[in-house]
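K.L.:
The structure is given below, and queries will be raised subsequently.
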Amino acid sequence: MTNPSAEIRVLFVCLGNICRSPTAEAIMRQRLQAAGLADRVRVDSAGTGPWHVGDPPDRRARDAAAGRGYDMSALRGRQVAPADLAAFDYLIAMDEGNRADLCALAGGRGELLERIALLGDFSPIHAGQPVGDPYYGGPNGFERVLDMIETCVEGLIADIRARLDTA
Ligand code: 4NP
């Protein structure tokens, strides 16, 4: 979290916070820089599970990301906290399990539930699809994660731009 005064706050959420959501964080940071929006949007990531708090991203995720020019070396795992629901404008789940866990944390509060989204829904070609968990699979899984996140982040940035324009 580099810019606490940013107008829009985005939290990417997966299970472990060592593969998918830190990958989304790194791609989003790079795309926001390229779009001239880095000082308007704060980006973070977290996992619903506790196992990798304080850990760097998975070596396979870091290597795959580095192959496309994304630097994940400064990122460390953290677990989603109930206070995150109110602290972020977008809580973006990688799959339906992550989304269900976030909705449970929202505790039925509608103003918090409406902040929760599935990353795939920001792209017409991936609507309703999960970013598949690559943790127990081979290297192709990490490339698929990058492909899908690169596509979906474009739609997310368009959504954020529209929100900034009407603010
Ligand atoms: P992620 O992948 O949710 O994309 O970070 C996983 C990482 C670790 C575990 C599961 C998924 N784990 O069970 O430790």
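The values are calculated or read from the model by the stated rules, or taken from the named source; none is laboratory data. Quick caveat, the model's predicted, so the values are computed rather than measured. Quick reminder, even Gly has a Cβ in these numbers, built from the backbone with ideal geometry, and neighbours come from all protein chains shown. To get the accessible areas, we keep the full protein, side chains included, count just its heavy atoms, and leave off ligands, DNA and RNA. Shrake-Rupley method; radii C 1.70, N 1.55, O 1.52, S 1.80 Å.
K.L.:
Where residues in the stretch 72-97 are assigned to a loop (DSSP other than H, G, I, E, B) and within 23 Å of ALA158 (Cα to Cα), which of them is nearest to the chain's Cα centre (by Cα)?
P.N.:
Looking at the filtered set, the residue picked out is MET94.
K.L.:
List pairs: first residue in the stretch 88-117 and more than 24 Å from MET148 (Cα to Cα), second residue open to solvent by less than 60 Å² (accessible area, probe 1.4 Å) and part of a strand (DSSP E or B) anywhere in the structure, Cβ distance under 7 angstrom, at least six positions apart or on different chains.
P.N.:
The qualifying pairs are ALA106/ILE116.
K.L.:
Also, quick follow-up: Residues of the stretch 5-57 being within 9 Å of the ligand (Cβ to nearest atom) and at positive phi, which ones?
P.N.:
ASN17
K.L.:
Next question. Out of the stretch 58-90, which residues are in contact with a Lys or Arg (Cβ under 7 Å, 6 or more places away or on another chain) and within 12 Å of the ligand (Cβ to nearest atom)?
P.N.:
Scanning the stretch 58-90 gives a single hit, MET72.
K.L.:
A further question follows. Right, VAL53: buried (at least 21 other Cβ atoms within 10 Å of the Cβ) and either closer than 22 Å to VAL145 by Cβ or among the hydrophobic types (A, V, I, L, M, F, W, C) (or both) or not?
P.N.:
no
K.L.:
Turning to a different aspect of this structure: Please work out which one of (1) more than 19 Å from LEU32 (Cα to Cα); (2) touching a Pro at 6+ places or on another chain (Cβ under 8 Å); (3) of a type in the set (Gly, Ala, Ser) is the condition SER73 fails and give its number.
P.N.:
Of everything listed in (1) more than 19 Å from LEU32 (Cα to Cα); (2) touching a Pro at 6+ places or on another chain (Cβ under 8 Å); (3) of a type in the set (Gly, Ala, Ser), SER73 misses just condition (1).
K.L.:
Between residues in the stretch 27-42 that are within 13 Å of LEU156 (Cα to Cα) and open to solvent by 30 Å² or more (accessible area, probe 1.4 Å) and residues that are modelled with pLDDT of 95 or more and assigned to a helix (DSSP H, G or I), which pairs lie under 7 Å by C-beta distance while being six or more apart or on different chains?
P.N.:
From the stretch 27-42, the pairs are ARG31/VAL153; ARG31/ILE157; ALA35/ILE157.
K.L.:
Specify the residue that is surrounded by the most Cβ atoms within 10 Å (Cβ to Cβ); the eligible residues are those in the stretch 12-26 that are in contact with a Leu (Cβ under 7 Å, 6 or more places away or on another chain) and not aliphatic (A, V, I, L, M).
P.N.:
By that ranking, first place goes to THR23.
K.L.:
Would you confirm whether any residue within the stretch 72-93 is under 19 Å from PRO50 (Cα atoms), touching a Cys at 6+ places or on another chain (Cβ under 9 Å) and open to solvent by 70 Å² or more (accessible area, probe 1.4 Å)?
P.N.:
no
K.L.:
Hey, among the residues in the stretch 116-155 that are part of a loop (DSSP other than H, G, I, E, B) and open to solvent by 70 Å² or more (accessible area, probe 1.4 Å), which one's farthest from the ligand (Cβ to nearest atom)?
P.N.:
PRO124
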